[in-house]
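This report concerns only the one structure given below.
The values are calculated or read from the model by the stated rules, or taken from the named source; none is laboratory data. Bear in mind that the values here come from a model prediction, so they are computed numbers and not experimental data. So basically every Cβ, Gly included, is an ideal-geometry build from the backbone, and we count neighbours across all protein chains shown. Heads up: the accessible areas ignore ligands, DNA and RNA and are worked out on the full protein's heavy atoms, side chains in. Shrake-Rupley method; radii C 1.70, N 1.55, O 1.52, S 1.80 Å.
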Amino acid sequence: MNDNNYQPSAPVPIPQPIRKDGAGGVDQGPRDVLRDMQNPDMFVPPKTDNGLLPNLRFSFSDTHMQLNHGGWSREITVRELPIATTLAGVNMYLKPGGVRELHWHQQAEWSYMLLGKARITAVDQNGRNFIADVGPGDLWYFPPGIPHSILGLEEGCEFLLVFDDGAFSDLNTLSLSDWFAHTPKEVLSANFGVPESEFDGIPKEQVYIYQSIVPGSVASTAVQSPNGAVPLPFAHRMLAQPPMKMPGGSVRIVDSTVFPISKTIAAALVEIEPGGMRELHWHPNNDEWQYYLTGQGRMTVFGGEGNARTYDVRAGDVGYVPFAFGHYVQNTGTESLWFLEMFKSDRFEDVSLTQWMALTPHALVESNLNVSPALISKLNKVKQPVVKHPGYTYQNSHD
């Protein structure tokens with residue numbers, strides 16, 4: 001490398017809350033410039049934003065990290081995002097041999113594997129067991145009350161957990177170690193038929209996540225149940241599903257129609273290519289809880305009565321859209337934007353604004369919006385969840 005050719009990069013301009021039409025003014029007071037640069041559509045909102053909507057976005061980077069010797073966890077619940085009453089999320093990492101201890105919940109648990117590999121185990125109410133190794137793009141679902149565990153394999157693992165209760169906390173679960181720690185030893189002795197001394201080394205409190213060893217293969221560690229295996233698998237390979245390809249990206253949908261055990265959480269994995277957008281739409285069955293996996297974008301939510309708000313989103317963010325509120329998501333970056341849409345429901349359902357207009361008598365739509373037949377002729381009667389039209393792409397105009 002020739003140091004004589006080095007040219008320092010141009011200074012990044014400091015954004016100011018001023019629209020191109022002159023609205024706003026210079027902010028010379030104390031401020032977090034980096035935060036303002038991360039949120040251009042909140043700092044200089046589009047003119048179409050209006051009214052009072054609650055906060056609909058929160059970042060896992062702004063949450064408390066629970067650190068244990070076997071890994072870490074952090075969560076977004078109604079404490080962090082009060083509007084998100086239907087679902088709560090936990091981001092967790094397990095080291096190689098790290099264990100999320102044997103436990104169960106009053107809520108259903110749905111998970112998406114982000115990185116690495118994990119081994120999951122469970123036993124149902126009829127004594128039928130389940131053990132499987134899962135990797136990136138795989139899901140699991142444990143119904144309420146089903147005891148289970150998660151163990152990091154050779155490279156460790158990171159995953160997203162979603163629970164069907166916005167007030168849920170993963171630190172407030174029903175754990176094996178916690179129950180043992182709060183049961184008299186004479187009761188444990190009577191229950192298991194062994195001397196009390198066998199329990200001298202049990203933990204004195206919930207261990208939650210702890211460090212163990214990487215196990216052998218599934219075949220070498222599995223326990224055969226006299227009652228057999230669970231009739232409906234607790235795991236599903238989402239990325240193995242053929243995607244629905246369309247201009248601007250792709251969509252994979254997983255609900256109870258393809259993952260029968262998942263009775264209370266439905267999901268879609270959405271890819272938006274640069275220049276594309278998740279079309280204007282809404283969901284008629286429940287609120288939407290989002291998790292952004294890669295890239296960056298912006299989402300506008302329309303709440304009726306003149307209310308609309310735009311949020312900038314990036315990897316690690318959680319977004320939330322209340323039931324039936326109209327919204328869209330645009331890719332504002334140079335790489336594909338991937339995110340999950342999740343619902344407290346057994347089915348994925350959405351209503352396309354374009355399809356609705358296309359399948360409504362044309363004269364009615366024209367008179368309602370005062371538009372020409374030229375617009376109506378462009379409407380697609382077939383739903384396209386992700387769109388990209390030649391010549392039309394994201395422009396950060398702030399006008």
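Some values worked out for this structure:
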{"item": "Candidates D178, D170, D165 - the one that is of a type in the set (D, E) and either free of Cβ contacts under 8 Å to residues at least 40 places away in the same chain or over 30 Å from E341 (Cβ atoms) (or both)", "result": "D178"}
{"item": "Of the criteria (1) without any contact (Cβ under 8 Å) to a residue 40 or more places away in the chain; (2) under 29 Å from the mean Cα position of the chain (by Cα), which one D255 fails", "result": "(1)"}
{"item": "Residue list for segment 20-61, filter: surrounded by 15 or more Cβ atoms within 10 Å (Cβ to Cβ) and among the basic types (K, R)", "result": "R57"}
{"item": "Candidates L269, L239, filtered to the one that is touching a residue at least 12 places away in the same chain (Cβ under 8 Å), in contact with a strand residue (DSSP E or B) (Cβ under 6 Å, 6 or more places away or on another chain) and aliphatic (A, V, I, L, M)", "result": "L269"}
{"item": "Residues within segment 211-229 that are open to solvent by 90 Å² or more (accessible area, probe 1.4 Å), more than 13 Å from N129 (Cα to Cα) and touching a residue at least 40 places away in the same chain (Cβ under 8 Å), tallied", "result": "1"}
{"item": "In segment 125-154, the residues that are open to solvent by 20 Å² or more (accessible area, probe 1.4 Å), touching a residue at least 60 places away in the same chain (Cβ under 8 Å) and assigned to a loop (DSSP other than H, G, I, E, B)", "result": "N126, G127, R128, P136, P143"}
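Condition check ((1) β-branched (V, I, T); (2) in contact with a Gly (Cβ under 8 Å, 6 or more places away or on another chain); (3) within 20 Å of Q206 (Cβ to Cβ)) across all residues:
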site	(1), (2), (3)
S61	no, yes, no
H64	no, no, yes
E80	no, no, no
K95	no, yes, yes
H105	no, yes, yes
T121	yes, no, yes
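Table: residues versus (1) over 20 Å from G316 (Cα atoms); (2) part of a loop (DSSP other than H, G, I, E, B); (3) free of Cβ contacts under 8 Å to residues at least 12 places away in the same chain; (4) polar (S, T, N, Q).
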residue: K20; (1), (2), (3), (4): yes, yes, no, no
residue: V26; (1), (2), (3), (4): yes, yes, yes, no
residue: L34; (1), (2), (3), (4): no, no, yes, no
residue: M37; (1), (2), (3), (4): no, no, no, no
residue: T86; (1), (2), (3), (4): no, yes, no, yes
residue: H103; (1), (2), (3), (4): yes, no, no, no
